[in-house]
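Data block below; observations after.
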Amino acid sequence: MTDLQTLRAEIDAIDAQILQLLAARFEKSAEVGAQKKLAKVDVFQPQREQEILQKLRGNSRDLNLPEKLIEKIFTEIFLWSRRTQTRD
């Protein structure tokens, strides 16, 4: 395997891990949605999302990742998590 092929294989493995983590996150999000429904709590909690984003921005700086990228990725994850939480 060439160096390029090796690097691409490593990236493919990382991508697979990211997908597994997203699946686990959405599974937990569905559980959170069920708990919110039982507690009659709104699915959308903007303050919670802002707190998470603030923490992630700090973490992204520590990891030398672009804050805007992390914010966009997680804003989209939050959107889909809310959709997951509203499913019956």
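Here are labelled values, (i) -0.56, -0.77, -1.20; (ii) -0.64, -0.81, -1.19; (iii) -0.37, -0.56, -1.23, and one is the computed log10 I(q)/I(0) by the Debye sum over Cα atoms at q = 0.13, 0.16, 0.24 Å⁻¹ for what I pasted. Which one?
Of the labelled values, this structure produces (i).
Along the Cα→Cβ direction, 7 angstrom out, place labels at LYS68 and ASP3. What is the inter-label distance in nm?
So the label points at LYS68 and ASP3 sit 3.1 nm apart.
Between LYS40 and LEU19, how high is the FRET efficiency from 1/(1 + (r/R0)^6) when r is the Cβ-Cβ distance and R₀ = 41 Å? Nearest 0.05.
0.80
Output the 0 to 90 degree angle, nearest 10, between the alpha-carbon long axis of helix 46-62 and the longest principal axis computed from the alpha carbons of the chain.
Once rounded, one gets 20 degrees.
For VAL32, VAL41, what ranking results if the residue with the fewest other Cβ atoms within 10 Å of its Cβ goes first?
Ranking VAL32, VAL41 by Cβ neighbours within 10 Å, fewest first, gives VAL41, VAL32.
For a test of understanding, tell me how many lysine pairs in the chain have Cα atoms under 17 Å apart, given they are 8 or more places apart or on different chains.
Final tally of qualifying lysine pairs is 4.
Which value in deg cm²/dmol, rounded to the nearest 500, describes the helix-derived mean residue ellipticity at 222 nm for the chain, given -39,500 (n - 2.57) per DSSP H run of n ≥ 4 and division by the residue count?
-29500 deg cm²/dmol
Read the figures in this text as sums done on the coordinates, not as results from a lab. A quick note: this is a predicted structure, and the numbers were derived from the prediction, not measured. A quick note on method: Cβ atoms are made from the backbone with ideal geometry, for glycine too, and the neighbour counts reach across all protein chains shown.
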